[in-house]
1. Give the residues of the range 39-59 that are within 14 Å of SER24 (Cβ to Cβ), open to solvent by less than 70 Å² (accessible area, probe 1.4 Å) and not hydroxyl-bearing (Ser, Thr, Tyr), sorted by residue number.
2. So the check is Cβ under 7 Å with 6+ separation or different chains; which pairs have a first residue in the range 61-89 that's without any contact (Cβ under 8 Å) to a residue 60 or more places away in the chain and a second one that's open to solvent by 70 Å² or more (accessible area, probe 1.4 Å)?
3. Working only within the range 14-69, note down all residues that are within 18 Å of GLN85 (Cβ to Cβ) and among the basic types (Lys, Arg).
4. When residues of the range 60-77 are filtered for being under 18 Å from MET17 (Cα atoms) and surrounded by 12 or more Cβ atoms within 10 Å (Cβ to Cβ), how many remain?
Amino acid sequence: MSLEAYLNHPTFGLLLMICRLENSRELFTTLYAHRLFFLVSIAETGLRFEPVTRSDARTMVEVRMRALQRNGNREEYQAVRAAYQRTFQ
C-alpha cells in the first residue's frame, strides 16, 4: 500500500511527503526537483515550514528507519526505505 501526501508551499509550490518523523513533524521535498527539503510541523498559527539541508534531511530519514527497525514496524519501515531510495540514491 503506497499513499502519497502532498502539501502546497506558499513559495515553492507542491511538496511531496517523504516520511513522518514524529507525532506532528513530517519531512517534505519539492515535488519535481527533490532539491529543497522542509520540516513541516503543526504550530498554533498553522503549518510551520522549516528549511533543512539535503544532508540533514537524509540523516533524519535514516534515524527514522533505524527507529522503525528497532520497533519491528516492518510495513512502515519498507515504505520509508522506498522513499529514502527514491529521494537520496
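1. The answer is LEU39, VAL40, ALA43, GLY46, PHE49.
2. Every condition considered, the pairs that remain are MET65/ARG81; TYR77/GLN69; PHE88/ARG58.
3. Scanning the range 14-69 gives ARG20, ARG35, ARG54, ARG58, ARG64, ARG66.
4. So in the range 60-77, the residues under 18 Å from MET17 (Cα atoms) come out as 60-65, 68, 75-77.
Cutting the leftovers down to surrounded by 12 or more Cβ atoms within 10 Å (Cβ to Cβ) gives us 60-62, 64-65, 68, 76-77.
Result for the range 60-77: 8.
The values are calculated or read from the model by the stated rules, or taken from the named source; none is laboratory data. In this text the structure is predicted, and so the values were computed from the model without any measurement. Cβ sites come from the backbone with ideal geometry, for glycine too, and all protein chains shown count toward neighbours. SASA here: full protein model, heavy atoms, side chains in, ligands and nucleic acids out. Shrake-Rupley method; radii C 1.70, N 1.55, O 1.52, S 1.80 Å.
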